[in-house]
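The values are calculated or read from the model by the stated rules, or taken from the named source; none is laboratory data. In this text, all values refer to a predicted model and were calculated from it rather than measured experimentally. Neighbour counts run over all protein chains shown; Cβ positions are idealised from the backbone, glycine included. Please note that ligands, DNA and RNA were not included when accessible areas were found on the heavy atoms of the full protein model with its side chains. Shrake-Rupley method; radii C 1.70, N 1.55, O 1.52, S 1.80 Å.
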Amino acid sequence: MQSNKEEQFIIKGLSGKRSLSGSIPVRGAKNVVLKALAATLLFKDEVVISNIPDIEDISRAIELLGDLGAQVNKIRDRTYSIRIPNKPKTELSSVIANKLRASIVFVGPLLVRTGKVSFPHPGGCLLGARPIDQFISGFRALGAKVSVRKLYKAGNLTYIIEAPPKGLVGAEIFFKNPSVTATETLMMTAVGAHGTTVLKNVAMEPEIVALARFLNEGGAKIEGAGTSKITIKGTGLLNGKRAFVIPPDRIEAGSFLLLGALVARDLKITDCNPLHLEALIMHLREMGVSIDVGKNFVRVRGALSLKASNIKTHEYPGFPTDLQAPMTALLTQATGRSLVFETIFEGRFRYLDALSKMGAKFEICDPHRVIVYGPTPLKGSTLMSPDLRAGLAYIIAALVAKGESVIHNVYTIDRGYERIEKRLCAIGADIKRVVS
Ligand code: EPU
């Protein structure tokens with residue numbers, strides 16, 4: 001559970017020294033676990049999922065499943081069994097859903113299971129506008145009735161989605177934007193629809209491929225995941241499987257690679273899939289970073305001097321928006337002028353002020369583009385983490401800086417990185433978690 005106490009990280013900067021070394025294993029992918037947990041609503045019998053990281057977002061998703069009536073048991077470290085009751089609740093808890101935007105992915109499978117779902121508009125988001133229009137139009141295309149009510153004084157919206165009496169019906173759906181969670185949600189919903197559904201111009205992220213594999217292992221008939229067109233033959237509820245192993249988190253692996261490129265003498269990032277990191281590895285090599293790639297590891301040696309580079313975030317296989325902030329932290333140490341172009345979200349530069357306070361030099365062109373001038377020495381500072389990925393960028397900046405930094409609001413970092421301070425201390429960093 002989230003504690004009421006405020007926790008902070010106290011980080012001793014390395015003053016630009018490249019001293020971290022050893023190996024650091026990557027945990028299971030947060031953004032696969034969240035969808036796999038939602039997908040358990042499609043299974044008739046018990047499902048076992050392993051390699052689940054111990055992070056806050058997963059605790060919230062498990063709470064959400066529990067609130068719907070699911071039996072969720074931790075069988076051993078990182079492994080859970082989940083059994084869905086015959087009649088789960090049809091309402092997503094607004095208290096939990098407000099803390100977890102990914103709660104929206106539970107709507108599709110719950111609709112298949114119960115025929116009716118009500119849920120609040122997903123909670124406030126710090127990355128800019130996060131519309132859900134594609135989810136809504138997708139449910140409608142599959143035959144569902146969608147009504148929206150203003151239920152609370154504050155004007156919060158509640159959506160009520162109802163399947164027709166004879167069930168959902170397959171359809172062709174073209175995505176205006178290749179949204180990751182809308183692709184996953186409609187793919188799961190289509191499993192429970194009669195006939196065939198074709199989803200076009202969809203997202204191609206590896207997390208979608210992993211989810212399709214999980215569903216297919218339970219008897220679903222999904223083809224094309226990982227391409228821009230996915231075809232789903234409706235099969236109805238699925239059968240449990242002995243164990244689904246969550247693949248490694250490519251964003252965590254990428255975060256460690258960026259950290260290593262700046263402050264490591266020699267760092268081996270293990271238990272990862274380098275094929276999912278191609279865009280990042282290509283940029284880093286071009287900047288002068290030495291990287292060795294194995295089948296399931298990446299080895300990086302911090303570069304003595306880095307060349308500037310232009311970054312444009314893009315849907316997979318392009319440069320991931322989730323690595324934009326950590327990459328910008330790295331670019332502050334590169335020689336020359338780098339342009340960072342964030343094309344996916346409009347509110348993902350909230351961390352720039354804090355890095356400027358540490359000594360970084362930026363020119364903000366518009367809400368999507370910033371120019372980074374480097375290299376600039378950074379000095380320790382007191383920082384307030386606004387979100388998960390910016391929080392990681394602060395850790396990187398604090399480690400490269402001279403002097404001590406204090407990072408507040410570490411809950412945002414705990415949402416997606418498991419006990420990051422212990423794991424970084426194991427490779428030589430000096431980070432303390434303190435409670436006040
Ligand atoms: N969009 C719409 N309408 C919709 C849905 C999305 O216009 O109905 C737009 C968004 O506004 C955005 C674009 O589509 O401009 C892409 O956003 P997307 O929907 O793909 O983002 P998401 O599915 O909500 C997932 C990850 C994010 C990651 C993005 C992009 C999960 C739970 N979240 O979000 O991960 O940044 O894809 O890759 O899978 C994180 O882990 O820190 C994180 C934020």
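Things to note:
- Amide hydrogen neighbours beyond the local backbone of Ala193, cut-off 5 Å, H modeled: Thr235, Gly236
- Helix 278-287 and the long axis of the chain differ in direction by around 10°, with both axes built from C-alpha atoms.
- Counting DSSP beta bridges with both ends in the stretch 166-241, the antiparallel % (nearest 5): 60
- Rounded, prolate or oblate (a/c below 1.5 giving rounded, otherwise prolate when a/b exceeds b/c) for the stretch 94-217 by Cα gyration tensor: oblate
- The heavy atoms of Cys425 offer some 50 square angstrom of accessible surface to a 1.4 angstrom probe.
- The solvent-accessible area of His314, taken with every protein chain present and a 1.4 Å probe, is close to 90 Å².
- Probe 1.4 Å - accessible area at Asp133, Å² to nearest ten: 70
- Loop GluC sites (Glu not before Pro), the stretch 1-82, which have at most 15 other Cβ atoms in a 10 Å radius of their Cβ (DSSP): Glu6, Glu46
- The stretch 1-84: C-alpha gyration tensor shape, a/c 1.5 cut-off, then a/b vs b/c: prolate
- The residues Met384, Met287, Met204, sorted by heavy-atom accessible surface at 1.4 Å with ligands and nucleic acids left out, run Met384, Met204, Met287 from largest to smallest.
- Cα shape, the stretch 347-397, gyration tensor, a/c 1.5 rule: oblate
- Descending semi-axes in Å of the chain, equivalent ellipsoid built from Cα gyration tensor: 38, 21, 21
- The helix-based estimate of mean residue ellipticity at 222 nm for the chain, built from -39,500 (n - 2.57) per DSSP H run of four or more residues and divided by its residue count, is -8500 deg cm²/dmol to the nearest 500.
- When both bridge partners sit in the chain, DSSP labels roughly 70% of those beta bridges antiparallel.
- Cα-based Rg of the stretch 283-336 normalised by 2.2 N^0.38 Å, two decimals: 1.18
- For the stretch 317-436, the Kirkwood hydrodynamic radius from C-alpha pairs, put into Stokes-Einstein at 20 °C and a viscosity of 1.002 mPa s, yields a diffusion coefficient of 146 µm² per second.
- In a DSSP loop and with at most 11 other Cβ atoms within 10 Å, there are no trypsin sites (Lys or Arg not before Pro) in the stretch 323-397.
- Taking the inverse of the mean 1/r over every pair of distinct Cα atoms in the stretch 157-217 gives a Kirkwood hydrodynamic radius of 12.6 Å.
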